[in-house]
Each structure stands twice: as C-alpha cells, then as structure tokens.
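Trainee: My questions all concern the structure below.
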Amino acid sequence: MDAASHEEWPVPRLARVSGVSEAHFARSFKEAFGVPPHRYLLTRRIERAKALLRDTDLPITEIAFQTGWNSLGTFGRTFRDVTGESPGQLRAREKAAPHQLEQVPACFLSAAHRPGLMIAVLEKRRRDAGDSMGASQQMEVP
C-alpha cells in the first residue's frame, strides 16, 4: 500500500494478497496500525499529495490523479477536511515559508507531516459542521 498508494486497495484485495479472510485482515490491520486499511491508505495519499504540492509545480489536478483520486472535487474536499486547508492554500503557504529542512531525512519529514486520521473523514465533517452550527446558533441567541 505504501509503495502504490495511488492504486485501489480494497480489503478483499488486501486479504487475498495476505492469504487470510477479509474479517481477519481488517481486524489484524487495525490492531497493528491503529486505523482501518482505508484510513491508512488515505493518510498515505494525503501525505504524498502534500509532498508534491510542496516540492513540485505540478498542477493540482495532476497531483490529485497521481495520488489516487478520480475527481479533483473529491480530492480537494477530502484534502481540506483532513488538513484544514485547500491544496492551493497549502502550496501557497509552503512556497512562502523559508525552508531549512534539506538536512532532515525524508522519512522524518514524512512522519512529521503525516495527517493524524484517528477518526473517519465523514465523522470529522459531521463534528466540524456541528461546531459551526453551534457557533452560529450561539450568535442568534439574544
């Protein structure tokens, strides 16, 4: 999954490659990595997209397709949900910031920039929507 995060990795495929049942694979994977396989793959895709946004001048659409998304809209929405900013905002911020990280090993940089997806993206969206609803309702109360 790490080497080909742009590919589709459904649990049936992963279980088949591992030679175990789907239920056993999903349970064992979550036990080993702390997150379900889909969320792990999503973190790798976001991590790779952030690196490409930071280190290349590739168009955002190209980055979306290279990192496994079939739709620019889905990529942008998911990226914003996970990182808190759009791909364009991240790129602009990273380009504006001075970088003195050339001497830091890439594996450490990747780990430091890895998104912490301990909850599902849809759950994160619901919580964020609930927070914004709560704030707007508080403003309306006299």
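The values are calculated or read from the model by the stated rules, or taken from the named source; none is laboratory data. Computed from a prediction, not measured in an experiment: that's the story for all the values here. Here the Cβ positions follow ideal geometry from the backbone for every residue, glycine too, while neighbour counts run over all protein chains shown. What goes into the accessible areas is simple: the full protein's heavy atoms, side chains included, and nothing from ligands, DNA or RNA. Shrake-Rupley method; radii C 1.70, N 1.55, O 1.52, S 1.80 Å.
Trainee: Under the 0.36 nm per residue contour assumption, what length would be gained going from the current alpha-carbon distance of residue 72 and residue 107 to full extension?
Mentor: The span from residue 72 to residue 107 would gain 9.9 nm if fully extended.
Trainee: Under a 1.4 angstrom probe, counting protein chains only, how are 79, 33 ranked by accessible area, largest first?
Mentor: 33, 79
Trainee: Just grab the label-to-label distance for residue 18 and residue 61, each label 7 Å out from Cα along the Cβ direction, in nm (one decimal).
Mentor: Placing both labels 7 Å beyond Cα along the Cβ direction yields 3.8 nm.
Trainee: How large is ³J(HN,Hα), in whole Hz, for each residue of the range 36-46 in order, when computed from phi with the Karplus curve 6.51 cos²θ - 1.76 cosθ + 1.60 and θ = phi - 60°, using x for Gly and Pro?
Mentor: Running phi through 6.51 cos²θ - 1.76 cosθ + 1.60 with θ = phi - 60° gives x, x, 4, 5, 4, 4, 4, 5, 5, 5, 5 Hz.
Trainee: For the full complex of protein chains and a 1.4 angstrom probe, list 30, 124 by accessible area with the highest value first.
Mentor: 30, 124
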